[in-house]
Amino acid sequence: MSDTAERVKKIVVEHLNVEEDKVTKEASFIDDLGADSLDTVELVMAFEEEFGIEIPDDAAETIQTVGDAVGFIDKQK
Amino acid sequence: MRRVVVTGMGMVSPLASGVGATWDRLVEGRSGAGTITRFDASHLATTYACEVPFEGEGAFDPDAVMDPKDRRRVDDFILYGVAAADEALEDAGWTDPSDEGKLRTGVMIGSGIGGLNSIADTAVLIKEKGPRRVSPFFIPGALINLVSGQVGIRHGFKGPNHAVVTACSTGAHAIGDAARLIALDDADVMVAGGAESPISEIGIAGFNACKALSTKRGDAPETASRPWDADRDGFVMGEGAGVVVLEEYEHAKARGATIHAEVVGYGLSGDAYHITAPPPDHEGAERAMRAALKRAGISGERIGYVNAHGTSTMADTIELDAVERVCGSDLVMSSTKSSIGHLLGAAGAVEAIFCVRTLRTGIAPPTLNLENGPDTKVNLCARRAVEGDFEYALSNSFGFGGTNASLVLKRV
């Protein structure tokens, strides 16, 4: 697992209070990990903070799964 | 009108977590005041307050209420309110009603100021890091009616969901208004009360600016709250929550619930006088008390115990005069703010619970630090609890803006 994936996973586990093994690449924040729309806003903010990037609102809307997040962040770096 | 009784009580106070532990310390004459520990208050005019204990005997355990993740998303007043509601519902045996029961159960828990800390912190965050760093949980974690919202969601209560905001009379108004909703058949059960967490730099500085807080007793904070005493110099800020479960009398009887007391009277009035001060004769307080007595169908002389608003300010003796005009002077009256400080929007609810305990135990809690009192025949419980046979108790709460509420409770 890439460094980005590890750090994303840690943030997701912390913020959504979910088991680590549920945080797979395909896992959807809302459908699989129990997030609501406010949780996803907070997650995106946590990614921005952790990776020192800015995720604009329209891009944030495309980030539905753990894999989407990792992919987006890697592209920014 | 349908009769309304108290079947459950819960509180988080500066003396302890829980009604029983708080009451024991209260009648022993313990003080919840101390030097402020939540933040460095050494640069403020007031350096002390009555904080909810997070350590030691009787401590409040936030983990037992919400996990750390959820707690980060709410201001402390919500945490305290949810905890007090849990205890009250447990006490009432109303934690898991039927679907129909949930539809007929409402919540009315208010706050004087709500998420003051969250608002202050977020304002600083915007200044320092910009608006994109504002948490999506800031607004729902700071709104006053979110105690009622959280309690409703947590327990599935689908009846009226409401919140009172009347400064320091919030808790009393919430109980009175919730009782009316039951009396008028809008609900069978109401979870009602107040919650507050104002002990912060902005809260202390704000009340200091109003010249409302005690400032002179940094060396001995436990002596600072001294209602009616000649050397009083302002109130001592407190925090916490008080919540009761109110229930229609027949509903409570039918399910075999323990009935702690009956809410027989509730009166409201406005001063139309000043934003922070009562008029010299406090005729607004007098009218609130008379209105509550009229509802109760009794004369003022029947009141055995009065839990005074008694904040340890100049207004204490004005209230005493008004009480004497309404109830005479053959009565017992104390200010529990001498022990727990002023819980602002939670005060009226916490003090109504103390009244219920007084009716049931025959013990009126002491007014701490009352050494040089006013000239009166009323027994002000100076520095020690007073025993008696109390059938009716009256609780007064007055708030900034000139808002007054009185509750009359009856032993059942």
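Positive end of the dipole of chain B (Cβ unit charges, origin at the Cα centre): among B:407, B:293, B:189, the Cα lying farthest that way belongs to B:189. Its relative contact order, with pairs defined as Cα atoms under 8 Å and 6+ residues apart, puts chain B at 23 percent. Computed from the Cβ-Cβ distance with R0 of 41 Å, the FRET efficiency linking residue B:184 to residue A:74 stands at 0.10. Only Lys, Arg, Asp and Glu carry charge here, each on its Cβ (+1 for the first two, -1 for the last two); on that basis the protein assembly as shown has a dipole of about 1480 debye about its Cα centre. For a modelled paramagnetic label at residue A:2, 7 Å from Cα along Cα-to-Cβ, the residues of region A:15-39 in reach, with backbone nitrogen under 16 Å, are A:24-27.
What the pair-distance distribution of chain A shows, using all Cα-Cα distances binned every 10 Å from zero, is 19, 63, 17 percent. Computed from backbone phi, the HN-Hα couplings of region B:353-362 come to 5, 4, 4, 4, 5, 5, 4, 7, 9, x Hz, rounded to whole numbers (Karplus: 6.51 cos²θ - 1.76 cosθ + 1.60, θ = phi - 60°; Gly and Pro given as x). Once divided by 2.2 N^0.38 Å, the Cα radius of gyration of the protein assembly as shown becomes 1.05. Sequence-distant contacts, meaning Cα pairs under 8 Å at least 6 residues apart, place the relative contact order of region B:190-263 at 42 percent. So for the protein assembly as shown, taking the charge dipole from beta-carbon charges (+1 Lys/Arg, -1 Asp/Glu), which of B:374, A:13, B:81 sits furthest toward the positive end? Toward the positive end, the furthest listed residue is B:374. Tell me whether region B:302-399 comes out rounded, prolate or oblate; compute the Cα gyration tensor, take square roots of the eigenvalues as a ≥ b ≥ c, and use a/c under 1.5 as the rounded threshold. Since a/c stays below 1.5, the shape of region B:302-399 is classed as rounded.
Per-residue ellipticity at 222 nm computed for the protein assembly as shown from its helices equals -11000 deg cm²/dmol, with DSSP H segments shorter than 4 residues left out and the rest contributing -39,500 (n - 2.57). In this label model, residue B:119 and residue A:53 are separated by 3.7 nm, measuring between points 7 Å along each Cα→Cβ vector. The Cα trace of region B:229-357 gives Rg and Dmax of 15.9, 52 Å, the first to one decimal, the second as a whole number.
What dipole magnitude, in Debye to the nearest 20, does region B:181-254 give about its Cα centre under +1 on Lys/Arg Cβ and -1 on Asp/Glu Cβ?
540
With a Förster radius of 45 Å applied to the beta-carbon distance between residue B:44 and residue A:25, the computed FRET efficiency rounds to 0.30. Among residues other than residue B:85 with Cβ under 13 Å from its Cβ, the summed charge is -3 (Lys and Arg +1, Asp and Glu -1). Using a cut-off of 20 Å between Cα atoms, the listed pairs A:10/B:69; A:9/A:77; A:9/B:69; A:25/B:69 include A:25/B:69 as exceeding that distance. Oblate is the label for region B:94-240. Its Cα gyration tensor axes, ordered a ≥ b ≥ c, give a/c of at least 1.5 and b/c at or above a/b. List residues of region B:374-412, by number, whose backbone nitrogen lies under 13 Å from a label position 7 Å along Cα→C-beta of residue B:324. In region B:374-412, the label zone of residue B:324 (backbone N under 13 Å from the point 7 Å along Cα→Cβ) covers B:374-380. In this Cβ point-charge picture (+1 for Lys and Arg, -1 for Asp and Glu), region A:3-76 has a dipole of about 200 debye about its Cα centre. Taking only the Cα atoms of chain B, the ratio Rg/Rh comes out at 0.95, with Rh defined as the Kirkwood radius. For residue B:235, the residues whose modelled amide H falls within less than 5 Å of its own, excluding neighbours fewer than 5 places apart on the same chain, are B:213, B:214.
Throughout, read-outs are computed from the coordinates displayed, never taken from laboratory work. Owing to the predicted nature of the structure, the values given are computational and were not obtained by experimental measurement. FYI the Cβ positions are ideal-geometry reconstructions off the backbone, even for glycines, and counts take in every protein chain you see.
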